[in-house]
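> Sharing a structure with you now.
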Number of protein chains: 2
Amino acid sequence: TSTPGGTMQQQAMGPASSAPAMHDFGGTTYFYTAGSQHARHSPLPAALLPGGHLFHLPHTALMKPKANQPSFFMQDELRLDTLRRQYLLAAQIDPVQHPDIPSEVDNYHTLYPLEPVPRDPKHRSSTFGFITSCYKGISAKDAMAYCLTRIHGFHMVNSKCMLFTDMWKKIQHSNIVQLREVFTTKAFGEHSLVFVHDYHPGAETLMAHHFNNPQQNKDFFEGTAASKGMVNGPRQHAGLLPESLIWCYVVQLSSALRTIHAAGLACRVMDPTKILITGKSRLRVNCVGIFDVLTFDVNQSNPMALIPQFQQEDLLSLGKVVLALACNSVAGIQREFLQKAMELVTLNYSSDLKNLILYLLTNQGRPKSVNDIMPMIGARFYTQLDAAHMRCDVIESELAKEVENGRLFRLLCKLGIINDRPGLGLDSDWSETGDRYLLKLFRDYLFHQVTESGEPWIDMAHVVQCLNKLDTGVPEKLCLVSRDEQSVLVLNYHDLKRCFEQAFQEVLTASQPGEQPPTSLHQ
Amino acid sequence: TSTPGGTMQQQAMGPASSAPAMHDFGGTTYFYTAGSQHARHSPLPAALLPGGHLFHLPHTALMKPKANQPSFFMQDELRLDTLRRQYLLAAQIDPVQHPDIPSEVDNYHTLYPLEPVPRDPKHRSSTFGFITSCYKGISAKDAMAYCLTRIHGFHMVNSKCMLFTDMWKKIQHSNIVQLREVFTTKAFGEHSLVFVHDYHPGAETLMAHHFNNPQQNKDFFEGTAASKGMVNGPRQHAGLLPESLIWCYVVQLSSALRTIHAAGLACRVMDPTKILITGKSRLRVNCVGIFDVLTFDVNQSNPMALIPQFQQEDLLSLGKVVLALACNSVAGIQREFLQKAMELVTLNYSSDLKNLILYLLTNQGRPKSVNDIMPMIGARFYTQLDAAHMRCDVIESELAKEVENGRLFRLLCKLGIINDRPGLGLDSDWSETGDRYLLKLFRDYLFHQVTESGEPWIDMAHVVQCLNKLDTGVPEKLCLVSRDEQSVLVLNYHDLKRCFEQAFQEVLTASQPGEQPPTSLHQ
């Protein structure tokens, strides 16, 4: 049964919804204090928007990395990573220097090679057995960047294999690079087959990220890593990867396999060279669907007949990837070193991890299933979810900061459009007279104030604070001084905001005689 | 093979420079054409930065909501939600109208009430049994907003209970509202105890979000929901919550309990009125640690003695929350309606959900553990992780769009500081002469262009594009026209950037004679 106290408590964290009196007036939303008439029964006080340079950091600023969780980007790093990815999305080649790259391939233009041109042009992909190359391309249909994987000199003899690609196209999963389409083309001067996947700028392969250091194999063979692990205790100090990171990968890769197998498909590219990593620990299986087309056998009456076998191979491949990560060396997955590798795992990692690898690598006498490994992951699912939620929180608080910047930028653009405008229509003195004169003095107030001894006073906080007050139209007063210092005008931000909006509206109206003004600045 | 048309096509999106190589020179990064000397051996082509207003949508634009996953915000909604939360973070009361709210409480200022003032000031919280009130407060130490829960008239007799709060303060989890500190104060005119938790703007209680509609209880008692479920099949149509959402909650609440129990504590507030929801489906247990202080028994030799019992009660409470969600009515958790409620669950939900509720609500003959419910959650962990990753991707792509705003805003501030400055030092004509004259004309070029018939030409894309070119210092040329249209100055952005930086540096230097210039604009 509910008590009034209970009701109160229930509303405890639901602030402000009924609080500020909002009123839409001529397209502008005003917040006002309704005064005494609702003081008696209004449950919450009216809200004032702060006039000051208020910047409340979100609580993500207090977050501490957890020992058992993969690290995630903190603010500055996240921003740099974002800029880097924007740069890669936009990167172009100089077409004059690359006459071999066609200007258009099917619906894609602005091709940009994503891997080095092989020294030997006959070099074949060790995975697919064909000569391949890889480009970023912009779709003419939706202006998005995609990754085009070209299989050189491939003649498609039968379109029945599109059965597979149609199934792949439907698989949307956060740990799989989605296949979008497959087409044949002669744009490269010969028959090519092109697979179009999503483009993830800045992604590295797991191979490049973890297994590119020759010292690792040396450590493995000399047992340095293992013995270090024995002596020093914490395996993170032993030249090995932290177990939490390996589980983070296991959860993601098994998640991808589970979705693929549940769809009746097989991955067939569970390999460090085909797993992409972005943002420190996010994995995506790349190149899905390619094998199904390249090895399609028209003589096989049931094209799905081999899928169960391939699924078993996926699990074996997953075991090899996990073992390589645990040994921190791809040498560990070679059959002759398997025993040595398992010893290293036993010495340095939990029995859960050892059992997982053994399950995946050894014959179980019955078909293995990705579902069987869930109990081995166990409570680590919780850890991964907690990490993912926290990462969301961090990015979201960054977004909150930047959304504010966009608003401030638009305000300054509007002010720039009004201030010092050399006339409007027939009024050659427009920007120097009437309300616009106040806005000119406000611009000086923002940017051109000097100290008592005449030095420029530059303060970003002052600019942000005043713009926020203008945007909100707070009742706070400000003094604007004419340049000759002969007159002082006192007005409040509320009135200044009215001047500002009216002046901008005048320019807008003048800009589009008889038309609707553009909407991009109407926010 | 490339055609002239092809070359054009590739440049269509990037009119910028033909400047592949980057070189850092005196802190400025220059992009220049390296010529043929690296064309032979460079494995990857040099990248061109596009000069234009280029905007590649990220792949999150193609994401489709999945039937078995809780929905997440898409772009516009996310942005609105962000702005709303910023507003709530910044909301203030008019202190004149609220003389009862002190201006400072301990280290917190700018208090803002988060719940209605009770009609009867003697009303006690049905949960805690004390008169409570709740405020947002800004910390003077870190300028962050916190939620202050005040227990009215509470005399702290013994500080031993701080043992509990010290343990709670260490618990950082994405589904728990973190306790930051506890203090006593007389700032409200009497002895009060104040609990400081993180503030999550815009959060609603699960009670307010799901159980505020009287129709729900009616549906439950009349069996409308259940029978609809039987007849119409899909339970989402039956006035009941989708099972996927209930599991989403189960995973989060059990995650919180698992962390709390593992730390040797008990939650004690697993109740719809103490669970907060933000962003559609993210839950956080609120008010943790309060009970441990309020009910602290100084006569108990071992303060931890009752924890195992409270942990068992947590699991029972979790069962009640899940049952209420499954019935979509809090009536279902009352003992006399339990059988009816379980029938409804059996009819409308999976046996996993029924078994989970039965496990939590019934006596198992041995202590229950939150770990026991993991197998019932099973593969749904994967679903939740996939959803969390996708939500990260969506927010991240929004951030990518917005991350440029701060940079553009700072550029306009710098330009505002230079343009039309009424003199610098002894040079009263500073902003009208030399390099500054070029920057003035550039300002007109940005904001004050008119069409052939003299109408203002307003184009946000033009402003952004020109500012980006200025910031990059591309070799592209632009024509600046004097206001009397008598002279035309042709220069490139590279030189304009030099003028810009030099002019700003002059103001900076003048602003701080003998000191280091401020750093906030140095980015």
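The values are calculated or read from the model by the stated rules, or taken from the named source; none is laboratory data. Given the structure is predicted, the values throughout are model-derived calculations rather than measurements. Please note: Cβ atoms are built from the backbone with ideal geometry, for glycine as well, and neighbour counts cover all protein chains shown. Note: accessible area is taken over every heavy atom of the protein model, side chains too, but ligands, DNA and RNA are not part of it. Shrake-Rupley method; radii C 1.70, N 1.55, O 1.52, S 1.80 Å.
> Take the Cα of A:Ser126, step 7 Å along the line toward its Cβ, and report every residue of the stretch A:260-290 whose backbone nitrogen sits under 16 Å from that point.
The answer is A:269-275.
> Oh, and also: For the stretch B:88-221, what is the accessible area per residue in Å² when the probe is 1.4 Å?
It amounts to 43 Å² per residue over the stretch B:88-221.
> Report, as an integer, the average count of C-beta atoms from other chains found within 10 Å of each Cβ along A:133-139.
Numbers: counts 0, 0, 0, 1, 0, 5, 2.
Counting other chains' Cβ atoms within 10 Å and averaging over A:133-139 gives 1.
> Going down the table (A:Lys280/B:Lys368; B:Lys136/B:Lys280; A:Lys401/A:Lys497; A:Lys122/A:Lys169; A:Lys414/B:Lys401; B:Lys401/B:Lys440), which pairs top 26 Å between alpha carbons?
Those over the limit are A:Lys280/B:Lys368; A:Lys122/A:Lys169; B:Lys401/B:Lys440.
> Hey, what do the phi angles of the stretch B:491-497 turn into as Karplus ³J(HN,Hα) couplings, whole Hz, using 6.51/-1.76/1.60 and θ = phi - 60°, x for Gly and Pro?
These are the phi-based 3J(HN,Hα) values: 8, 9, 4, 4, 6, 4, 4 Hz.
> Once R0 is set to 51 Å, what does the formula 1/(1 + (r/R0)^6) return for the Cβ-Cβ distance between A:Ser453 and B:Ser482, expressed as a FRET efficiency to the nearest 0.05?
That pair, A:Ser453 with B:Ser482, gives E of 0.90.
> Also: Where in the stretch B:330-423 are there trypsin sites (Lys or Arg not before Pro) that are in a DSSP coil and have at most 10 other Cβ atoms within 10 angstrom of their Cβ?
Passing both the DSSP loop test and the Cβ count: no residue.
> If you don't mind, another one. I'd like to know which of B:Ser428, B:Tyr445, B:Cys466 lies farthest towards the positive end of the charge dipole of the stretch B:424-523, counting +1 on Cβ of Lys and Arg and -1 on Cβ of Asp and Glu.
After comparing all options, I get B:Cys466.
> Around B:Gln312, with a cut-off of 14 angstrom between Cβ atoms, what is the net charge of the other residues, counting Lys and Arg +1 and Asp and Glu -1? Intermediate values should be presented prior to the final figure.
Details: positive: B:Arg268, B:Lys320, B:Arg366, B:Lys368; negative: B:Glu313, B:Asp314, B:Asp372.
Cβ neighbours under 14 Å give a net charge of +1.
> For peptide B:324-337, how many partner chain Cβ atoms fall within 10 Å of a residue's Cβ, on average?
Other-chain Cβ atoms within 10 Å of each residue's Cβ, averaged: 0.
> Taking square-rooted eigenvalues a ≥ b ≥ c of the alpha carbon gyration tensor, is the stretch A:344-402 rounded, prolate or oblate, where a/c under 1.5 means rounded and, failing that, a/b exceeding b/c means prolate?
It is prolate, given that a/c is not under 1.5 and a/b is the larger ratio.
> Using a 10 Å cut-off on Cβ to Cβ distances, tally the other chain neighbours for every residue of B:373-383 and report the average as a whole number.
Other-chain Cβ atoms within 10 Å of each residue's Cβ, averaged: 5.
> Defining the label point at 7 Å along Cα→Cβ, can you sort the distances from A:Gly129 to the same site in each other copy, shortest first, in nm?
Taking the point 7 Å beyond Cα along Cα→Cβ, the inter-copy spacings are 7.6 nm.
> For the stretch A:292-423, what % of the accessible area comes from carbon and sulfur atoms, probe 1.4 Å?
Whole-percent figure for carbon plus sulfur exposure: 51.
> A follow-up question, please. Roughly how much of B:Trp457 is accessible, in Å² to the nearest 10, using a 1.4 Å probe?
Roll a 1.4 Å probe over it and B:Trp457 shows about 100 Å².
> Going by amide H atoms built from the backbone, whose H comes under 5 Å of the H on B:Ile176, apart from near neighbours?
So B:Ile176 has HN proximity to B:Val285.
> Still on this structure, I have one more. Which whole-number percentage describes the relative contact order of the stretch B:287-387, with Cα contacts under 8 Å and a sequence gap of 6 or more?
25
> Taking a point 7 Å out from Cα toward Cβ as the label site, list the nm distances between B:Ser301 and the same residue in every other copy, smallest first.
Computed spacing set for this position: 8.2 nm.
> Can you list the residues of the stretch A:144-174 whose accessible area drops by at least 30 Å² going from the chain on its own to the full set of protein chains, with a 1.4 Å probe?
The answer is A:Met144, A:Gln172, A:Ser174.
> Sort B:265-275, A:291-301 by packing, meaning the average of other beta carbons within 10 Å per residue, with the highest value first.
Taking the mean over residues of other Cβ atoms within 10 Å, the ranking is B:265-275, A:291-301.
> What does the charge count near A:Val464 come to, summing +1 for each Lys or Arg and -1 for each Asp or Glu among other residues with Cβ under 13 Å from its Cβ? If you can, show how the numbers build up before the last one.
Values: positive: A:Lys401, A:Arg407, A:Lys469, B:Arg410; negative: A:Glu404, A:Asp459, A:Asp471.
Cβ neighbours under 13 Å give a net charge of +1.
> Using protein chains only (no ligands, no nucleic acids) and a 1.4 Å probe, work out which residues of the stretch B:280-317 have their accessible area cut by at least 40 Å² relative to the chain alone.
Residues meeting the cut-off: B:Arg282.
> Just to confirm a number: summing +1 for Lys and Arg and -1 for Asp and Glu over residues other than A:Ser139 whose beta-carbon lies under 15 angstrom from that of A:Ser139, what do you get?
Residues near A:Ser139 contribute -1 overall.
> Okay, moving on. How large a share of the accessible area of the stretch A:136-225, in percent, is made up of carbon and sulfur atoms when the probe is 1.4 Å and the other protein chains stay in place?
Ligands and nucleic acids excluded, carbon and sulfur reach 51 percent.
> Got a sec to turn the phi values of the stretch B:449-454 into Karplus ³J(HN,Hα) couplings, 6.51 cos²θ - 1.76 cosθ + 1.60 with θ = phi - 60°, whole Hz, x for Gly and Pro?
Those phi angles translate into 6, 10, 6, 4, 8, x Hz.
> Can you classify the stretch B:385-489 as rounded, prolate or oblate using the Cα gyration tensor, where a ≥ b ≥ c are the square roots of its eigenvalues, rounded means a/c under 1.5, and otherwise it's prolate if a/b beats b/c and oblate if not?
Cα axes put the stretch B:385-489 in the prolate bin.
> Indicate the gyration tensor shape class of the stretch B:100-192 (rounded, prolate or oblate), computed on the Cα atoms with a ≥ b ≥ c the square roots of the eigenvalues: a/c under 1.5 is rounded; otherwise a/b larger than b/c is prolate and the rest oblate. Write out the running numbers ahead of the final one.
Working: a/c = 1.42, a/b = 1.18, b/c = 1.20.
Judged from the Cα gyration tensor, the stretch B:100-192 comes out rounded (a/c under 1.5).
> Still on this structure, I have one more. Peptides A:206-216, B:245-255: what's the order by average Cβ count within 10 Å, highest mean first?
Ranked by mean Cβ neighbours within 10 Å, highest first: B:245-255, A:206-216.
> While we're on this one: Measuring from label point to label point, each 7 Å out along Cα→Cβ, what is the B:Arg335 to B:Asp142 span in nm?
Going from the B:Arg335 label point to the B:Asp142 one covers 4.4 nm.
> Now for a different question. Name the residues of the stretch B:447-483 whose accessible area falls by at least 30 Å² when all protein chains are present instead of the chain alone, probe 1.4 Å?
Those residues are B:Phe447, B:His448, B:Glu455, B:Pro456, B:Ile458, B:Met460, B:Arg483.
> I've got another one for you. Note the buried accessible area between A and B here, summed over both chains, with a 1.4 Å probe, in Å² to the nearest 100.
13100
> Same structure again: Counting residues in the stretch B:289-363 as N, plug N into 2.2 N^0.38 Å and put the Cα Rg over that result.
Details: Rg = 15.8 Å, N = 75, 2.2 N^0.38 = 11.3 Å.
So the stretch B:289-363 has a normalised radius of gyration of 1.39.
> So the label point sits 7 Å from Cα along the Cα-to-Cβ vector; using that for A:Glu190, what distances do you get to the other copies, in nanometres, sorted shortest first?
Here A:Glu190 shows inter-copy label distances of 8.9 nm.
> Still on this structure, please answer the following. Leaving out same-chain residues fewer than 8 places away, which aspartates and glutamates sit with a Cα under 17 Å from that of B:Lys477?
Hits, sequence-local ones excluded: B:Asp435, B:Asp444, B:Asp495.
> I would also like to ask the following. How many angstrom separate the Cα center of the stretch A:360-400 from the Cα center of the stretch A:74-132?
31
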